[in-house]
Amino acid sequence: MKKGYLMFQISSSLQRHFKGCCSPLSGIMLFVYMKCRFSLSYHELEEIILMRGTFVDHSTLQ
């Protein structure tokens, strides 16, 4: 799998909402998917993000 590869297409109208974000769009969309799909708490999601090498406080995810 290529770095930065998304399994889905994101419309340009949606991409503009992420302009200026520090995290890559693929990472943000992955975490949103995981939160919705697996009913994770913000603390659990914070741990998963940390395992992927990025620090984000759980309050930022809310």
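The values are calculated or read from the model by the stated rules, or taken from the named source; none is laboratory data. Quantities reported herein were computed from a predicted structural model and do not represent experimental measurements. Virtual Cβ from ideal backbone geometry, glycine too; neighbours counted across all protein chains shown.
Restricting to the stretch 13-26, what's the tally of residues that are out of contact with any helix residue (DSSP H, G or I) (no Cβ under 8 Å at 6 or more places or on another chain), under 16 Å from D57 (Cα atoms) and surrounded by 10 or more Cβ atoms within 10 Å (Cβ to Cβ)?
Number satisfying all stated conditions: 1.
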How many residues does the stretch 27-40 hold that are surrounded by 10 or more Cβ atoms within 10 Å (Cβ to Cβ) and free of Cβ contacts under 8 Å to residues at least 12 places away in the same chain? 6
Can you tell me how many residues within the stretch 15-62 are assigned to a loop (DSSP other than H, G, I, E, B) and either modelled with pLDDT under 85 or not hydrophobic (A, V, I, L, M, F, W, C) (or both)? 15
Of the criteria (1) of a type outside the set (D, E); (2) in a helix (DSSP H, G or I); (3) in contact (Cβ under 8 Å) with a residue 12 or more places away in the chain, which one I10 fails: (2)
